[in-house]
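I have placed the structure first, in the form of structure tokens, so that the comments after it can refer back to it.
Bear in mind that the values in this text are calculations on the coordinates, not laboratory data. Treat the numbers as computed from the prediction; the structure is a model and nothing was measured. Because the Cβ atoms are built from the backbone with ideal geometry, glycine has one as well, and the counts that use them run over all protein chains shown.
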Amino acid sequence: DAIPSADQIRITTSLKSQRGSVWTKNKSIFEYWEVEVTFRVTGRGRIGADGLAIWFTEEQGLEGPVFGAADKWNGVGIFFDSFDNDGKKNNPGVIVVGNNGKLLYDHQNDGSTQALASCQRDFRNKPYPVRVKITYYQKTLTVLINNGFTPDKEDYEFCAKVEDMVLPSQGYFGISAATGGLADDHDVLSFLTFQLTEPGKEVPTPDAEIPQKDKEKYQEEFEHFQQELDKKKEEFQKEHPDVQGQPGKTACPFFLSADDLFETVSDRELRQIFEGQNRIHLEIKQLNRQLDMILDEQRRYVSAVTDEIAKRGAGVPGQQGQVSPQEIETVVKNQEEVIRQVNEIRNSMSDALRLITGAQHPGPAAGVYETTQHFNDIKEHLHVVKRDIEHLVQRNMPSGEKVKCPDLPPFPSCLSTVHFFIFVAVQTVLFIGYIMYRSQQEAAAKKFF
């Protein structure tokens, strides 16, 4: 099922149960070698299948169940397994498996019982092509990988290493891929092979380039495969006209499982931005409620102090053990200043809530950073207000004595038993309604994600 073109080879398309492979025509006579492979594995599903394999075997591989190639190979295979068959949540991963021509690959356990070395790397849906460098030198196989997060071609990191590994002195290089119930596009952009020689040994001359006749033949094969693929797509569209034009569905929806949700790169970025904005929104709403409580307490305190001043009169001198009117007026002024600052913070938080509400709609990701900075500024303002209040309390407190606030005037009790039970019933109804509303919101959020 592989489709060659001028700039890449699509080993398998994102269709169900596809197998494809590409092999060198001639045997490699290199005793020690290094290959650099550039590929892309892309799919619209959150998970993909089955994966891709890079081979060095004594004989050319045939079609088979091991990532599109035959089993019982004599050589080594480096498997990029994207589907978690054993359910251990260790995929996507890179697995190195050697074989002497008698081993059957353990697909159900993702080759974990046969792996000579492995590492866990996510190579699907990367912004840049994934690069792999495989080196075999003096019976040591080393695998380096560039995860495709940067355009730097030399940004490799260590993945796996196998020592004392004996491979055939001559063999074929190949690359294969396969899909199952889930499907990805497996594209190979380049496959470069280098010979490694020990110091002092003569380097053989490289072979000539591919003849023009062979290039034309490959181009004709590609056009033929492309026409067949277009015919299959047209036949499917004629047989399933009801699935055409529906948003969020591909042209071939049955090639992916029903539980799999399709997600493009832009959808993924939008989901991450929405999750972050939603968390910030909830934190600011909670902080706003706390500020409202502080503001109400300050207002009640100022009102009680003002009433006490009015009762005593401005001309009555301070008695022993009591606070003078001048000190009370100072406290009142300080409390009014605190209220003013809290109001300013509350206004700032209202602006932040409006910014977050606007940021939850599709827009540039820079709004997330600005909103986070604004939230940090609000936290700093709250710390400043807390320090000011503590400073006022310490300044107005005499040495060795505790602060004694004026007694509040007694409030008449106007709540009867009937009114109390009615109030409790209303509160219970409101609480149950809030719980139901919250459950609906969480269910809607799960559907969205």
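What is segment 27-172's relative contact order, in percent, from Cα pairs under 8 angstrom and six or more apart in sequence?
27 percent
Report the calculated FRET efficiency for residue 59 and residue 8 (r = Cβ-Cβ distance, R0 = 22 Å), to the nearest 0.05.
Given R0 = 22 Å and the Cβ-Cβ separation, E is 0.25.
When Lys and Arg each count +1 and Asp and Glu each count -1, what net charge do the other residues less than 15 Å away from residue 23, Cβ to Cβ, add up to?
-3
Between residue 438 and residue 293, with labels modelled 7 Å along Cα→Cβ, what's the label distance in nm to one decimal, could you check?
The modelled label-to-label distance comes out at 1.5 nm.
What residues have an amide H closer than 5 Å to that of residue 106, excluding those fewer than 5 places away on the same chain, when H is modeled at 1.01 Å from N in the peptide plane?
111
Where does each of 274-285, 5-16 land if you order them by average Cβ count within 10 Å, highest first?
5-16, 274-285
Could you compute how fast segment 53-203 diffuses translationally, taking Rh as the Kirkwood radius over C-alpha pairs and applying Stokes-Einstein at 10 °C with viscosity 1.306 mPa s? Give it in µm² per second.
After rounding, the answer is 98 µm²/s.
Could you check the simple spin-label distance between residue 149 and residue 221, using points 7 Å along Cα→Cβ, in nm with one decimal?
3.8 nm
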